[in-house]
Every structure is written in structure tokens, then in C-alpha cells.
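Read-outs throughout are calculated quantities, based only on the coordinates presented, and are distinct from any laboratory measurement. Fair warning: this is a prediction, and the values are worked out from it, not measured in the lab. So basically every Cβ, Gly included, is an ideal-geometry build from the backbone, and we count neighbours across all protein chains shown.
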């Protein structure tokens with residue numbers, strides 16, 4: 001087992017464990033913390049794929065901005081814990097669990113069929129294309145239109161959020 | 001070297017956990033977080049493809065996914081707040097107005 | 001100039017749109033009326049300029065097709081809004097717009113003070129537009145558009161005073177009757193078009209006629225096509241058996257009767273046959289049917305005209321009778337004679353109707369000629385013009401009716417048979433008689449109108465009368481028979497249109513000037529006899545008339561009640577149809593089966609959905625589970 005494989009397995013273990021812990025915690029704050037752990041491990045995984053820019057953005061936007069928003073809202077609403085997982089494990093959730101396992105099996109089967117034996121190592125220029133310089137250049141040339149449109153989306157989202165969240169005027 | 005399929009399987013596992021979370025949790029905020037988890041798992045697959053195929057399209061897509069995710073979270077959380085203000089709960093089993 | 005033929009159609013359409021949409025806002029009658037009239041006048045001017053242009057060309061070049069835009073293009077069917085400019089269509093356009101213009105002006109006076117003034121002019125303009133579509137179209141479908149359009153306008157204008165009673169019903173019932181009877185004819189016309197499209201693969205005049213030119217005389221399919229088209233013509237042009245609507249159409253305002261139900265629209269059937277002359281020449285059987293129907297109608301409706309008491313009723317039967325003459329001409333292959341009579345008839349019949357309108361205007365809308373009389377001095381202009389028109393329609397030389405009617409009779413004799421001629425002459429006698437009965441009872445007998453104060457109509461009404469009177473008198477000179485040793489300008493003008501058809505019709509009779517003169521003298525003397533008899537009976541010996549009606553009261557009643565044809569139609573057609581519609585189609589089929597199916601399916605839906613609605617339990621996660629199941633299935637299908 002090479003060092004790279006070792007790193008991958010450690011990160012994979014951390015991310016899967018944190019994900020499972022996230023969905024099983026009764027307290028939403030704890031869920032949020034585990035999600036941040038998950039995001040951080042994903043960020044390092046991006047680095048192993050030599051996608052530096054995305055890795056940084058992952059930390060900044062997800063772990064930094066989005067999760068802070070989550071935690072804010074959780075604090076703001078002052079929620080109680082959900083009931084324990086065992087108490088709320090009814091038939092519907094059991095069915096959901098089975099179905100999800102089936103979906104997993106299916107996609108795994110499809111993946112195994114389509115990628116086994118291919119893409120054994122990263123492309124030669126993978127380091128090059130992950131660099132912020134390269135991505136920046138593409139973003140402001142080839143992808144300028146979608147890039148500008150994202151600003152529109154963000155503006156609309158901000159206005160929408162304000163309209164939805166503000167108290168009604170008396 | 002690690003083959004791409006490892007990353008893809010990891011992505012699949014995370015995605016499945018996210019779906020499971022959406023289906024079994026009751027707290028709207030936690031469901032939201034599960035959706036974020038699903039988005040991230042897809043991002044992982046995209047970045048993997050990008051670097052193994054050798055073009056930047058996957059990473060561009062990840063960038064835009066993040067922007068949309070940010071927008072979605074801000075609006076979604078605003079909705080959660082609005083619901084909480086009206087119903088004093090974010091338990092989606094109790095938010096079942098849209099029924100027969 | 002011919003390229004601007006579209007303008008001739010555009011002006012009346014413009015008038016319709018403006019008067020129709022904004023007329024109620026324009027309070028001034030003068031503006032509405034003159035605007036409506038001038039659009040038609042402009043359209044006449046366009047037609048006239050095109051006529052001048054055609055005159056300047058050699059006769060074989062007088063044919064243009066002006067295409068504006070494509071209307072329907074689907075599969076093999078290719079129909080355009082394209083107009084045919086040739087001697088026949090230009091002549092018709094000039095008649096329609098010319099007479100139409102005068103009647104528009106007359107209407108300004110006649111409709112004065114009516115609350116539907118703008119509506120009236122809008123309808124009239126729409127009518128002119130549709131009529132021009134009919135006569136200028138270069139394919140049968142566009143012609144059919146005009147055909148239906150004028151039918152619509154006729155319906156709208158008959159029922160124009162929709163709240164007034166008319167005989168045993170209201171005017172809108174009369175409008176409906178006209179519309180439905182026309183619909184029967186149009187049904188035949190439409191089937192004829194389908195058959196034509198199937199057989200010739202096109203509806204364009206050019207294509208159809210050039211294919212038809214190569215066919216053998218007596219072709220069975222062409223027989224059916226022409227017969228079906230003729231059924232359409234009997235509806236629109238009020239021939240036996242579909243004439244019943246025209247007398248009731250007199251419920252409309254008098255200018256409408258003059259324009260639509262005398263001068264222009266009802267001649268559409270004649271025009272259609274003339275236009276399709278090539279097809280008719282291929283079907284001798286249909287020609288015979290057309291001739292017989294025409295001759296019968298001519299004499300049959302003239303007999304009804306003899307005893308009617310409504311001034312417009314007499315004129316209506318007279319119109320049917322004159323249309324019968326035109327069809328007689330068509331049936332014996334004297335196409336240009338028929339069109340000639342159409343033209344002269346448009347002048348004198350419009351004049352008669354407008355004169356009748358002036359009389360009614362003077363007597364507060366009194367229609368019964370038994371309550372008139374003695375108007376000779378009170379309405380001098382109306383009297384004079386009416387008298388001229390009566391002479392013209394009776395066929396007294398040298399007025400226009402003489403030339404055209406005589407040509408038809410000559411055609412009936414030389415190309416048809418002696419019997420057709422005889423029927424025609426009997427009809428001519430009756431025509432002379434009922435017209436001068438009308439003149440005598442309305443103008444010359446002592447007054448019977450009580451305390452009313454008749455007065456001559458305003459200038460805006462009398463000037464059109466005078467102009468039409470002038471044309472009624474002289475328009476015959478454009479078609480002086482060749483026997484007089486001069487060139488027949490009218491025939492010459494229409495020759496290029498009918499030469500293909502004439503080539504197919506061969507008559508062995510040599511043209512004998514002596515026979516023609518002899519027949520002319522006979523028919524004129526018979527007409528004069530009719531006039532003198534009418535004047536003798538109604539001015540000097542009313543007692544004979546009274547005795548006759550009493551002694552022959554059975555016959556008199558039969559004719560007076562129009563041979564009870566309306567009642568017969570009512571019993572054998574209308575009653576069964578209403579019974580079938582009400583009892584069978586409505587009470588049973590509609591209520592039980594159609595409604596049952598509709599209500600049943602609604603009930604089924606509501607039962608099923610009352611069960612299925614429980615799926616909508618409002619729990620979003622349940623929806624998400626279903627959603628994931630969907631993904632599961634899709635993935636299963638993909639892999």
C-alpha cells in the first residue's frame with residue numbers, strides 16, 4: 001500500500017464516518033460540526049486530485065460561509081433535540097432505508113461496469129488545470145457569461161432571503 | 001497510483017448517506033445539511049473526472065455548483081425561518097399543509 | 001394598373017373596419033355615410049382604371065393573375081389570395097362597385113336617423129369586400145370565401161332591424177331562413193369543390209380549366225361537379241327549389257334589397273356558371289337541367305309576382321324571375337347574353353328597389369300597394385325613373401332590358417328549343433303585366449294612403465335614382481345584336497373568356513337574321529300587350545280584376561300564398577328535422593349518450609381521485625421516497 005493510498009483511505013474513512021455521524025446526531029449543532037469535518041476532509045481529497053483552487057474554495061465557501069449560516073440559524077431558532085433515532089424508526093423509514101440501499105447497489109453496479117480498468121491514473125496536465133491561474137483565465141474568457149450570470153443568481157438569492165426572512169411590517 | 005473508481009465509490013457512499021439522511025431525518029435544517037452533503041459528493045466525482053480526463057470542465061462545474069449552493073442555502077434557510085416563525089417548529093412531519 | 005387590383009378590395013375592407021369599430025364613436029352620420037360610400041367609389045375607380053388598361057390591350061392579352069399571398073399550402077392543396085383580372089371579372093367588379101356606390105349614397109338619405117347607421121354602412125362595406133372576393137378570385141376556394149362572406153352579410157342585413165316584426169315572424173327569423181336555405185345550397189357547392197379537387201387535383205381556375213379543356217364532352221365526373229355547383233347556385237341565386245328565402249329577405253332595409261338581393265349577390269350563381277363555362281360545356285346534361293330550372297323559375301315566380309301586394313314582394317319575385325332568365329341563358333350556352341342581362345338587370349332592378357324605397361320613405365314605411373296610389377305628382381322624379389325601369393324590365397326597345405332579354409330569348413330559341421323560348425315569352429308577358437300593375441297601383445290610381453303627406457326624397461336619394469335611370473335606359477346599346485349590322489361590343493368584350501366553352505358547344509342552326517327579327521317583334525308585341533292589359537285593367541276596369549279574383553278565388557289564393565311552398569317545405573323538411581333534432585338528437589342522444597359519457601367520465605375521475613388523494617399526505621419525505629423509487633426504476637432501466 002502506497003502512501004497515496006494510505007492518505008486516501010484515511011480521508012475516506014474520516015469523511016464517511018463524519019457523514020454517518022452527521023445524519024445520526026439528534027442535536028443539529030452536532031450534525032453541523034460533523035458536516036464541517038466532512039467538508040474539510042473532502043477539501044483535502046481535492047488536493048490529492050491536484051485541484052488546489054477548488055480545495056481552497058471548499059474551505060472558504062462551504063466550511064466558512066455556508067456552515068456558519070447554518071449554525072447561525074440553528075442558534076437563532078433555539079431548537080430542541082430530536083427524539084432518539086431508535087424511537088422514530090418507523091416503517092416508512094425502514095422502507096426508505098431499503099430503497100436507498102437498492103439505489104446504492106444499482107449505482108455501484110453501474111459504476112463497476114463502466115469505469116473498471118479505466119482512468120487508472122490522473123492525466124498528465126492535471127496539476128496544470130487545477131491551478132488558480134488557469135482556472136481564473138478560463139473563468140474570465142470561455143466561461144464569462146455563466147460567471148456573470150452567477151452574480152445575478154446571488155443578487156436574487158440575497159433579495160429573496162431578505163424578503164422571506166424579515167418580519168412583516170406592522 | 002489510485003484509480004478514479006475509488007474516488008467515485010467514495011462519492012457514491014457519501015451520496016447515499018446524504019439521501020438516507022434526507023429520507024429519515026425530521027429536522028428541516030438537518031435535511032438541508034444532507035442536501036449539501038449530496039452536492040459535495042457530486043462535486044468530488046466531478047473533480048475526480050476533471051483531473052483524470054485532463055480538462056477543466058469538471059472543476060468549472062464545481063465552481064458553479066458552489067455558487068448555486070450558496071444561493072440555495074440562503075434562500076432555503078430564510079424559508080426555514082419564515083416557517084418557524086409561523087408554526088414554531090421545523091419538524092417537517094408537522095409541516096404538512098399541502099395535503100388533501 | 002392591374003397590379004393594384006388589391007386596392008379595390010382594400011378600400012371597402014378599410015371602410016368596414018373603421019365604420020365597424022369606430023362608427024359608434026363618430027356621431028356625425030354624414031361622415032360615416034360619405035366615408036363608407038367613398039371607399040366603394042374609390043374601389044370603383046380602381047376597377048374602372050383597370051378596365052381602361054384592359055381596353056388598351058389586344059383581346060387575347062387581357063388576362064392577369066395577381067397573387068398577393070399564400071393562404072393555404074398543405075400537401076397537394078395550394079391556395080393563394082390571388083385575383084384574376086380578365087374582362088369578365090373586371091366587368092363584374094365594375095357593376096358591383098358602381099351600383100354599390102350609388103346605393104351607398106342613396107342609403108345616406110334612406111337610413112337617416114337610424115340608430116344602427118354606422119353598423120349598416122359597415123355591413124354594406126363588408127358586403128362589397130366579400131362580393132369583390134367572389135368575382136375577382138382566381139380559384140374556387142377564394143370564390144367560396146366570398147360566396148360565404150356575402151351570405152353572411154346578407155344574413156346580417158336581412159336581420160338588420162332585428163326587433164321589427166315581419167309578416168308572421170321577426171326580421172331575424174327571415175335572416176335565419178335565408179342563411180339556412182343558403183347553407184343547403186352551399187353544402188352542394190362544397191361537395192362539388194371536394195369532388196373537383198379530387199378529380200382535377202387543384203382548385204385554381206387556370207389549372208382546372210386547362211385540364212378540363214382536354215376532356216371529352218359528357219364526362220360523368222364533370223357532370224356531378226357541375227350539378228353540385230349548380231345546387232350551390234340555386235341557393236345563392238334563388239332558383240327552384242331553393243328560392244324561398246329571397247321573398248323573405250325583403251325584411252331588410254330597402255337599399256339592402258336593391259344591392260344584395262337584386263343587383264349583385266343573387267347574381268353570384270350566374271357569375272359562377274359563367275366563370276366555369278368550360279366545365280358546363282363539358283356536361284350537356286347539366287346544361288339542360290340549368291336551362292329547364294331557369295325557364296321554370298322565370299315563369300313560376302313571375303306568376304307569383306302577379307298577385308302580391310307588397311311593393312317589395314313583387315320586386316322580389318321579379319328578381320327571381322329575371323335570375324331564371326339568366327340561368328336559362330347559361331343553360332343554353334348563351335353565356336355572354338346571360339352576363340349582359342345580369343349587367344342591365346343590376347341597373348334597372350336596383351333602380352326599381354330604390355324607387356320602391358323612395359315610395360316607402362315617403363309613406364312612412366308603408367309596403368302595401370293597396371294603400372298607395374296617386375303618387376305620380378307627389379314624387380315626380382321617383383315616378384319617372386320607376387317608369388323607365390319598368391319599361392326596361394318589360395323589354396321595350398330601345399331600353400336596356402330589351403336588348404339583353406331578347407338576346408336570351410333568341411339564344412333559347414336558336415340553341416335550346418322552341419319550348420324554352422315559349423316559356424320565356426310567357427314569362428316576359430307576365431313581367432310586363434306585373435310591373436305595370438305595380439306602376440298603376442302605386443303611382444297612377446287615386447290615392448288610398450289616408451292622412452299621410454308624401455314628399456319627394458332628398459337629393460342624396462334622387463340623384464342615384466336619376467343616374468341609375470340613365471344607365472337603365474342606355475346600357476343596352478353596348479350589346480346591340482349583330483343582326484342590326486353593328487358590332488356587338490359586349491360579346492366582343494367577353495369573347496376571350498368564353499371562347500373555350502363556345503368551341504365545345506356546337507349548334508347546327510345557321511344564324512338567321514330574319515328569324516331573330518321575327519322573334520324580337522313577337523316578344524316586344526307580347527310585352528306591349530302585357531303593359532296595355534295591365535294599364536287597362538288597373539286604371540280603367542278595376543271591377544274586372546275584382547270579379548276575377550272572386551270567381552277564381554281558389555286559384556288566386558293558391559298563387560297569392562305562393563303555391564303553399566313554404567308550408568310544404570315546413571311540413572316535409574322543417575318539421576321532421578326539428579322533431580328529429582329535439583326528440584332524438586337532443587332528448588335521447590345528447591342527454592343520455594353525450595351527457596352521460598361526459599358526466600360518467602367526470603364521475604369516474606372523481607371516484608378514482610377520491611381514493612388516490614390519500615397519496616397526497618402532505619409529508620414531504622414521503623414524496624421524496626417516491627421520488628427515489630422513481631430514480632431506482634430509471635437507473636434499473638438504464639443499466
Angle in degrees between helix C:400-411 and the longest Cα principal axis of chain C, rounded to the nearest 10: 80 degrees
Mean separation of Cα contacts under 8 Å (6+ apart) over length of chain C, as relative contact order %: 12 percent
Peptide A:28-40, shielding by other chains (average Cβ, 10 Å cutoff): 3
Cα shape, the protein assembly as shown, gyration tensor, a/c 1.5 rule: prolate
Tilt relative to chain C, helix C:335-362 - C-alpha long axis, 0 to 90 degrees, to 10: 90 degrees
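Evaluate E = 1/(1 + (r/R0)^6) for residue B:6 and residue B:99, where r is the Cβ-Cβ distance and R0 equals 35 Å; express this FRET efficiency to the nearest 0.05.
0.20
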Rg to Rh, two decimals, where the range A:131-170 supplies the alpha carbon set and Rh follows Kirkwood: 1.32
Diffusion constant of chain C at 37 °C, which comes from Stokes-Einstein with the Kirkwood Cα-pair radius and 0.692 mPa s, µm²/s: 125 µm²/s
Neighbour-count order for C:449, C:300, fewest beta carbons within 10 angstrom listed first: C:449, C:300
Residue-averaged 222 nm ellipticity for chain C, from DSSP H runs of 4+ at -39500 (n - 2.57), nearest 500: -22000 deg cm²/dmol
Relative contact order (%) - chain A, alpha-carbon pairs under 8 angstrom, separation at least six: 21 percent
Order of C:548, C:635 under a 10 Å beta carbon neighbour criterion, fewest first: C:548, C:635
Global geometry of the range C:364-482, whether rounded, prolate or oblate, following the gyration tensor of its Cα atoms and the 1.5 cut on a/c: oblate
Calculated FRET efficiency for the pair residue A:72/residue A:140, C-beta based, R₀ 45 Å, to 0.05: 0.90
Partner chain coverage, peptide A:55-68 - average Cβ within 10 angstrom: 3
Peptide ranges B:34-43, B:54-63 listed from the most packed, as the mean C-beta count within 10 angstrom indicates: B:34-43, B:54-63
Mean separation of Cα contacts under 8 Å (6+ apart) over length of the range B:4-90, as relative contact order %: 28 percent
Extension gain (nm, one decimal) between residue C:377 and residue C:611, 0.36 nm per residue minus Cα-Cα: 75.4 nm
Peptide B:38-47 - average C-beta neighbours from other chains (10 Å radius): 4
Full-extension gain in nm, residue C:168 to residue C:219, via 0.36 nm per residue minus C-alpha separation: 13.7 nm
FRET efficiency, 1/(1 + (r/R0)^6) with R0 22 Å, evaluated for residue A:59 and residue A:27 via beta carbons: 0.35
The range B:1-84 shape via C-alpha gyration tensor axes, a/c threshold 1.5: oblate
Order of C:459, A:131, C:312 - criterion: other Cβ atoms within 10 Å of each residue's Cβ, fewest first: C:459, A:131, C:312
Nearest 10 degrees, 0 to 90: helix C:87-110 Cα axis against chain C principal axis: 80 degrees
Full-extension gain in nm, residue C:21 to residue C:578, via 0.36 nm per residue minus C-alpha separation: 196.8 nm
Protection proxy ranking, peptides C:288-294, C:429-435, C:182-188, average beta carbon neighbours within 10 Å, highest first: C:429-435, C:288-294, C:182-188
Selected from A:14, A:103, A:159 as most flexible by GNM, with chain A as the system and alpha-carbon contacts under 10 Å: A:159
